[in-house]
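Notes to accompany the following structure.
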Amino acid sequence: MLGTGPIPELLPVVPALPFAAALLVALVGPKYLQGRSHALSVAAAAGSFLISAVLFVELLGQNAESRVIHLTLWRWIASGGFETHVGFLFDPLSAVMCLVVTGVGFLIHVYSIGYMKDDPSYFRFFSYLSLFLGSMPVLVLADNFLLLFVGWEGVGLCSYLLIGFWYEKSSASAAGLKAFLVNRIGDAGFLLGLAGLAAVFGTLDFGAIHKAVDTNASVTPWFAGTSMTVRDCFASPLGLGITVGTAITLALFFGATGKSAQVPLYVWLPDAMEGPTPVSALIHAATMVTAGVYLLARAHFLFALTPVTLAVVLGVGTLTAVIAASIAVVQRDIKRVLAYSTVSQLGFMFAAAGTGAFTAAIFHLVTHAFFKALLFLGAGSVMHALDNETDLFRMGGLSKKLRVTSLTFLVGAAALVGLPPFAGFFSKDEILFRVISTTNPSAPWLPQACYAVLLVTSALTAFYTARMVFLAFYGTSRVDSHVAAHVHESPPMMTLPLAALALLAFVGGALGVSGVLGVRLHAPDFVGRFLEPVLGATSQHADSEGAELVSMAAVVGIALVAIALAYFLYVRHLDAPAKIADAFSGAYRALSRKLYVDEVYDWIVVRPVGWLSRLGSGVDRYLVDGIVNATGVVAHGFSWLLGRLQNGDLQLYGLVIGIGIAVILFSVLVR
Amino acid sequence: MVPLTHVLVFGAVLFLIGLVGFLSRRNFLTLFMSVEIMLNAVNVNLIGFSRSLGDTAGQVFAVFVITVAAAEVAVGLAILILMYRSRGRVLVQDWRALRDN
C-alpha cells in the first residue's frame with residue numbers, strides 16, 4: 001500500500017539525515033567545525049523531526065483503517081525459504097514513536113549546545129548524538145524484526161559510547177561497559193526469539209507474521225516437519241510446561257528487559273548516569289530505554305496469544321516498578337533518583353503491556369518521554385549552576401535563583417507523581433485501572449496483587465519525587481558557600497527546551513484522555529483512537545465508571561499524603577530522616593546499597609564467569625597451545641634426526657638407497 | 001644357447017660386485033668404475049631378457065645405457081680431475097664438503 005507522490009521515499013531520509021550529520025561531524029569536526037559542530041547535528045535533528053511531521057500529516061490525511069506508509073528498499077537476505085528486506089513502515093505506532101524520538105531528540109540537541117559548551121570533545125558528542133538519532137528511527141521504522149534488531153544494536157552502541165563519553169573517568173568507562181554487557185545478555189534472548197519466529201513463520205516481516213497470526217494460517221515449524229496452524233504451533237509443548245509460543249515471546253521479552261532496564265537486567269541503567277546529562281535525558285529516559293516497550297507493542301499480536309508470558313510481563317513490570325521506586329527513596333544523587341524513577345516508570349509501562357493494554361503503555365511512554373526528559377534536563381541545569389554538584393543534601397533553596405529551572409522541574413515532577421491535570425496523571429491512571437480490570441487466565445490472582453503493589457509504588461513515586469523537589473529547590477540552602485556565590489540560571493539555549501518540554505508535560509496528557517474521564521469530559525482519546533488500527537480498540541468500561549473514579553481518587557489521595565509527608569520530613573524537620581534511617585538501619589542500608597543486587601550479581605555471575613574465563617584461558621594457554629607447540633617440537637626433532645643422516649657421506653647415501661631398494665623388493669617379491 | 005637363469009645370475013653377481021665396490025672403496029676413481037660395473041650388470045640383464053623374449057628393444061636400450069654412461073663418465077672424470085687439482089687426492093671423504101647444511 002503505497003501513498004501518492006514522493007511521500008514513501010521520504011521515509012529513509014528520517015534516519016539518513018542524522019547518519020549523514022554524524023559522519024560529517026566525525027570527519028570534519030575535529031579540524032574545521034569544533035565549537036560549531038552542533039550546527040549540522042541540530043539541523044539534521046530538526047530535519048528529521050520535520051519530515052516525521054510531514055509524514056504524520058500525510059498519515060492523518062489517509063483513511064483511518066488504512067493508515068500505512070510502507071517502502072521496501074532492497075532485498076537484504078535470501079537464504080532458502082527465508083527472505084528479509086530492508087524496508088520502512090510508517091504506521092500509527094511508528095508515527096507516535098518517531099515523532100517523540102525526533103521531537104524530544106531535537107529539543108535535547110538544542111539543550112546540549114548550552115550544556116556541553118567548552119567540552120574538549122564537543123564535536124565527538126554531537127557526532128555520537130546524531131548517530132543515536134539515526135539509529136533510533138531505524139529501530140522504530142523497521143518493517144521487520146531483523147532491521148529492528150539492527151537499530152536496536154545501533155542505539156545500544158551509541159548508549160555505550162555516550163555513557164563512556166568522559167572515558168578518562170574510570171567509573172564512566174566501567175559503566176559504559178556494564179551497560180553494553182548487560183544489554184548483550186538481553187540481546188541473546190532477543191536473538192533466540194527471532195530465531196524461533198523465523199523457524200515458525202519463515203519470515204521476520206511484521207505484516208506477514210501479523211497476517212499469519214490473524215488468519216491462523218498454516219505454518220511448517222522446525223520441530224514438527226508437518227504443517228499446522230499458528231495457534232496449534234504456539235500451543236505445542238516444548239518441555240518444562242512451556243509452549244512454543246510462550247518460549248518465543250518470553251525470549252523477546254527477555255531482550256526487552258535488557259534494553260528497557262527491567263528485573264533482572266535493570267542494573268546498568270543507574271550506572272549509566274555517568275554519562276553527560278543530555279544523554280541521560282535522551283537515551284536513558286525518553287527514547288532508547290522505551291525500545292523494549294515498543295518491541296512488545298509491535299509484537300502485541302504474538303503476546304496476545306500467550307497469557308503466560310503476559311502474566312510474566314505484568315509481574316516483572318510490577319516488581320521492577322516497586323523495587324526501583326523503593327531504592328529511589330534513599331538515593332542522595334539527583335540523577336540516580338531520576339534513573340531509578342525511570343526504571344520504575346518503565347515497570348509501569350511493562351505492567352500495562354502485561355495486561356494487554358498496549359495503548360496505555362505507549363501513551364505512558366510518550367508522556368514519560370516528555371516529563372522525564374524535562375526532569376533530567378532540569379537536573380542538568382541544576383548541576384550546571386552548581387559546578388556539577390549532584391548530591392541532593394548539598395542543594396536546597398534553589399527555587400529563588402533558578403526560576404525557570406525550578407518552575408519547569410516542578411511541572412515535570414507533578415507529571416511524574418501523576419497529579420491532575422499534568423500528563424502523567426492520565427497515562428498512569430489508565431495503566432492502574434487497566435491492571436485492576438484485567439483478567440489473566442493463567443494467573444487469576446495476579447492483576448489484583450499487582451494493582452496493590454502499583455498503588456504502593458505510586459505512593460513511593462510521589463514521595464521520592466517530592467523529596468527530590470523539596471531537597472533541591474526549597475528549604476534552607478546547604479550549598480557550599482564558594483559555589484553559592486555564583487549560582488546562576490542557565491542560558492536560554494538550555495531553558496528554552498525546558499520550557500518546551502514543560503509545556504508538553506503539562507498538556508501532553510490531553511492527547512489521550514480515555515476511560516471515564518474521556519466520557520465525562522467529552523475529551524477525544526487522540527492517542528488511543530490513532531493507535532487503534534495497530535494495537536486494537538481501547539474498550540470503554542461504561543459499567544465500571546464508579547470503580548475507575550474511586551481508583552483515580554485513591555491514587556491522587558495517596559500521592560498527596562506522600563507529598564505532605566515528604567514536606568514534613570525534608571523541609572520542616574530535616575533531621576528527622578536521619579533518625580528514621582537510624583531506627584530502621586538494616587532496611588535503610590539495604591536500600592541505599594541498592595538491595596545488594598550488584599553484589600549478588602557479582603557473586604553469582606561476574607565471579608563465576610571470571611573463574612570460567614581464567615580456566616578457559618589456562619586450558620587455551622597450556623593445553624591447546626601445548627598441543628600445538630608439541631607438534632612443532634616433534635617435527636623439529638624429527639627433522640634434526642633426519643638431518644644427521646645427510647652428512648655428505650656419499651657411500652652412506654648409497655647404502656641407505658641400497659637397503660631401501662632391497663626392503664622394497666623383498667616386500668614386493670616375497671610376500 | 002645360454003639359459004636365461006645363467007645370464008640373470010651373472011648379471012646379479014656383477015651388480016653385487018659393483019655395489020660392494022661402491023660402498024666399500026675410498027678412491028673416487030674406483031667408485032666410478034664400480035658404478036660402471038653396475039650399469040653393465042643392468043645391460044647384461046637387458047640383453048638376456050631381450051634374447052629370451054625375442055625382442056630387440058632390450059638391446060637398443062643397452063646401447064642407450066652405454067651412451068648415457070659414456071656421457072656421464074665424461075662429466076664425472078672432469079669433476080674428478082678438478083678435485084685432484086684442488087686437493088691432490090681423490091678420496092671420497094673429501095666430498096663431504098659438498099653436503100647440504
Going by amide H atoms built from the backbone, whose H comes under 5 Å of the H on A:Asp91, apart from near neighbours?
A:Ile69
Under 5 Å between amide hydrogens, which residues at least 5 positions from A:Leu238 or on another chain qualify, with H placed 1.01 Å from N in the peptide plane?
A:Thr243, A:Val244
With just the Cα atoms defining each centre, how far is the stretch A:495-511 from the stretch A:45-104? Give it in Å.
25
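Kyte-Doolittle cut-off -1.0, length cut-off 27 Å along the helix's own axis using Cα: show which whole DSSP H helices in chain A pass.
Working: long enough: A:38-61 (34 Å, 1.78); A:92-115 (34 Å, 1.65); A:122-141 (29 Å, 1.45); A:170-201 (45 Å, 1.21); A:307-328 (31 Å, 2.05); A:334-354 (30 Å, 0.90); A:358-385 (39 Å, 1.37); A:446-473 (39 Å, 1.43); A:545-567 (33 Å, 1.82); A:625-645 (31 Å, 0.77); A:650-670 (29 Å, 2.46).
Length and hydropathy pass: A:38-61, A:92-115, A:122-141, A:170-201, A:307-328, A:334-354, A:358-385, A:446-473, A:545-567, A:625-645, A:650-670.
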Using Cβ contacts closer than 10 Å as the measure, can you line up A:His488, A:His38, A:His70 from fewest to most?
A:His488, A:His70, A:His38
In nm, to one decimal, how far is the B:Ile81 label point from the A:Val600 one, both placed 7 Å along Cα→Cβ?
10.0
Can you give me the long-range amide H partners of A:Leu73? Hydrogens built in the peptide plane at 1.01 Å from N, cutoff under 5 Å, separation of 5 or more residues or another chain.
A:Val86, A:Gly87, A:Phe88
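So for A:Cys450, A:Cys233, fewest C-beta neighbours within 10 Å to most, what's the order? Don't skip to the answer; put the middle values down first.
Details: A:Cys450 28, A:Cys233 23.
Taking fewest neighbouring Cβ atoms as first place, the list is A:Cys233, A:Cys450.
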What angle, in degrees between 0 and 90 and rounded to the nearest 10, separates the Cα long axis of helix B:28-53 from the longest principal axis of the Cα atoms of chain B?
10
Check cross-link reach from A:Lys400 to the lysines: straight Cα distance under 30 Å, and skip same-chain residues fewer than eight apart.
A:Lys117, A:Lys335, A:Lys372, A:Lys579
Residue-wise HN-Hα coupling along the stretch A:227-233, computed from phi with Karplus coefficients 6.51, -1.76, 1.60 (Hz; x: Gly, Pro):
8, 8, 6, 4, 5, 4, 4
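Which of the peptides A:606-616, A:412-422, A:196-206 is most tightly packed, and how do the rest follow, going by the mean number of other Cβ atoms within 10 Å of each residue?
Numbers: A:606-616: 10.8, A:412-422: 24.5, A:196-206: 21.0.
Ranked from most to least packed, the peptides come out as A:412-422, A:196-206, A:606-616.
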Determine the calculated [θ] at 222 nm for chain A from helices alone, applying -39500 (n - 2.57) to every DSSP H run no shorter than 4 residues and normalising by the residue count; nearest 500 deg cm²/dmol.
-22000 deg cm²/dmol
Using only Cα atoms and rounding to the nearest 10 degrees, what angle (0 to 90) does helix B:4-24 make with the longest principal axis of chain B?
10
Sorted by Cβ neighbour density within 10 Å, fewest at the top, the residues A:Leu407, A:Leu194
A:Leu407, A:Leu194
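No lab work stands behind these numbers, since they all come straight from the coordinates. Given the structure is predicted, the values throughout are model-derived calculations rather than measurements. We place every Cβ from the backbone using ideal geometry, glycine too, and count neighbours over all the protein chains shown.
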